[in-house]
Amino acid sequence: MHNTVKNLIYIEDLIKSKVNDNKVPKIIAVSKTFPIESILPLIEHGHLHYGENKVQETLVKWTEVKNHNNNIKLHLIGGLQTNKVKLALKLFDYIHSLDSEKLAKKIADEQVKQNKKPKIFIQVNIGNEVQKSGIKQEELIGFYKYCKNLNLDIIGTNGQNTGNYFYAMNKINEELNFKDLSIGMSGDYLDAIKNNATYVRIGSKIFGSRN
């Protein structure tokens, strides 16, 4: 058995030991920067959810694989520029980084053209940090209404922040009655699942350290 598969199974078992069966979050194997050869053992094992952060890299790596296995779900976990939306919608099933009205409008227009509707997380700048992207907490309800009027499939929020904010992110999600919450990475995913994460992004704990 390949090491990546062993690592995934270990993490899955650990998560299952911490939660009820009906609350097991989906693991997004963060495959960004790793070649497809490193990912194939997981695909052959049957894992479905993978995270990438660059549209162009994803196109090169995943197009052929996706053509042969339509069950695989690709998650865009990095920022999305409006000029890459057309290409992103062809590739990705989930977008975790919706952070502006301009981007929302571009996605709405493109999903009509392509007849494809990705599942979308609103990225929240929960700490109101100047250097980070995301919607401010006080603007979130208005932004969500704007997105719904555009017929976007908003399924939850994404907080690319440290565990200090997991509790607050969970509360926001509950207030907006979202079913999904994308928080937690390799270093803090166990804290994330305590706060009802439904998707956790795990890279190095599965694939090893990046070059």
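Read-outs throughout are calculated quantities, based only on the coordinates presented, and are distinct from any laboratory measurement. Since we're looking at a predicted model, the values are computed, not measured. Backbone-built Cβ (ideal geometry, glycine too); neighbour counts: all protein chains shown.
Is one or more of the residues making up region 179-189 more than 24 Å from Ala29 (Cα to Cα) and surrounded by fewer than 19 Cβ atoms within 10 Å (Cβ to Cβ)?
Step one: filter region 179-189 for residues more than 24 Å from Ala29 (Cα to Cα), giving none.
Looking for residues that are more than 24 Å from Ala29 (Cα to Cα) and surrounded by fewer than 19 Cβ atoms within 10 Å (Cβ to Cβ), one finds none in region 179-189, hence no.
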- Message: I'm told Ile43 meets every condition in (1) over 23 Å from Arg210 (Cα atoms); (2) out of contact with any Pro (no Cβ under 8 Å at 6 or more places or on another chain) except one. Can you identify the failing condition by its number?
- Response: (1)
- Task: Could you please find all residues in region 90-103 being touching a helix residue (DSSP H, G or I) at 6+ places or on another chain (Cβ under 8 Å), surrounded by fewer than 22 Cβ atoms within 10 Å (Cβ to Cβ) and of a type outside the set (Asp, Glu)?
- Result: Lys90, Leu91, Lys102, Leu103
- Message: Restricting to region 105-144, count the residues that are small (Gly, Ala, Ser) and either touching a strand residue (DSSP E or B) at 6+ places or on another chain (Cβ under 6 Å) or assigned to a loop (DSSP other than H, G, I, E, B) (or both).
- Response: 3
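Just checking, which of Pro25, Pro35 is within 30 Å of Glu110 (Cα to Cα) and crowded, with 20+ Cβ neighbours inside 10 Å?
So the residue among Pro25, Pro35 that is within 30 Å of Glu110 (Cα to Cα) and crowded, with 20+ Cβ neighbours inside 10 Å is Pro25.
Condition check ((1) within 22 Å of Ile141 (Cα to Cα); (2) part of a helix (DSSP H, G or I); (3) without any contact (Cβ under 8 Å) to a residue 40 or more places away in the chain) across all residues:
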position: Gly156; (1), (2), (3): yes, no, no
position: Met169; (1), (2), (3): yes, yes, no
position: Asn173; (1), (2), (3): yes, yes, yes
position: Lys205; (1), (2), (3): no, yes, no
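Regarding region 129-140, can at least one residue be identified that is among the β-branched types (Val, Ile, Thr), in contact (Cβ under 8 Å) with a residue 24 or more places away in the chain and farther than 18 Å from Ala192 by Cβ? Walk me through it before giving the result.
Going through region 129-140, the residues among the β-branched types (Val, Ile, Thr) turn out to be 130, 135.
Keeping just the survivors that are in contact (Cβ under 8 Å) with a residue 24 or more places away in the chain gives 135.
Okay, now just the ones that are also farther than 18 Å from Ala192 by Cβ, so 135.
So far as region 129-140 goes, yes, one or more of its residues are among the β-branched types (Val, Ile, Thr), in contact (Cβ under 8 Å) with a residue 24 or more places away in the chain and farther than 18 Å from Ala192 by Cβ.
Being surrounded by fewer than 19 Cβ atoms within 10 Å (Cβ to Cβ) and aliphatic (A, V, I, L, M) is the filter; apply it to region 67-89 and report the residue that is nearest to His47 (Cα to Cα).
Kept after step one, since they are surrounded by fewer than 19 Cβ atoms within 10 Å (Cβ to Cβ), are these residues of region 67-89: 67-73, 78-79, 81-84, 86-87.
Then keep just the ones that are aliphatic (A, V, I, L, M); that gives 72, 87.
Values: Ile72: 8, Leu87: 24 Å.
By that ranking, first place goes to Ile72.
For (1) touching a strand residue (DSSP E or B) at 6+ places or on another chain (Cβ under 9 Å); (2) in contact (Cβ under 8 Å) with a residue 24 or more places away in the chain; (3) exposed (fewer than 14 other Cβ atoms within 10 Å of the Cβ); (4) not small (Gly, Ala, Ser), each residue gets a yes or a no:
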{"residue": "Ile15", "(1), (2), (3), (4)": "yes, yes, no, yes"}
{"residue": "Asp21", "(1), (2), (3), (4)": "no, no, yes, yes"}
{"residue": "Ala29", "(1), (2), (3), (4)": "yes, yes, no, no"}
{"residue": "Pro41", "(1), (2), (3), (4)": "no, yes, no, yes"}
{"residue": "Leu48", "(1), (2), (3), (4)": "yes, yes, no, yes"}
{"residue": "Glu52", "(1), (2), (3), (4)": "yes, yes, no, yes"}
{"residue": "Val55", "(1), (2), (3), (4)": "yes, yes, no, yes"}
{"residue": "Thr58", "(1), (2), (3), (4)": "yes, yes, no, yes"}
{"residue": "Val65", "(1), (2), (3), (4)": "no, yes, no, yes"}
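In the set Ile135, Ile155, Ile172, which member is within 25 Å of Val112 (Cβ to Cβ) and in contact with a Leu (Cβ under 9 Å, 6 or more places away or on another chain)?
Numbers: Ile155 fails: in contact with a Leu (Cβ under 9 Å, 6 or more places away or on another chain); Ile172 fails: within 25 Å of Val112 (Cβ to Cβ).
Going through Ile135, Ile155, Ile172 in turn, the sole match is Ile135.
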- Note on the structure: The condition from (1) closer than 18 Å to Asn22 by Cβ; (2) crowded, with 16+ Cβ neighbours inside 10 Å; (3) of a type outside the set (Ser, Thr, Tyr); (4) within 16 Å of the chain's Cα centre (by Cα) that Asn195 misses is numbered (4)
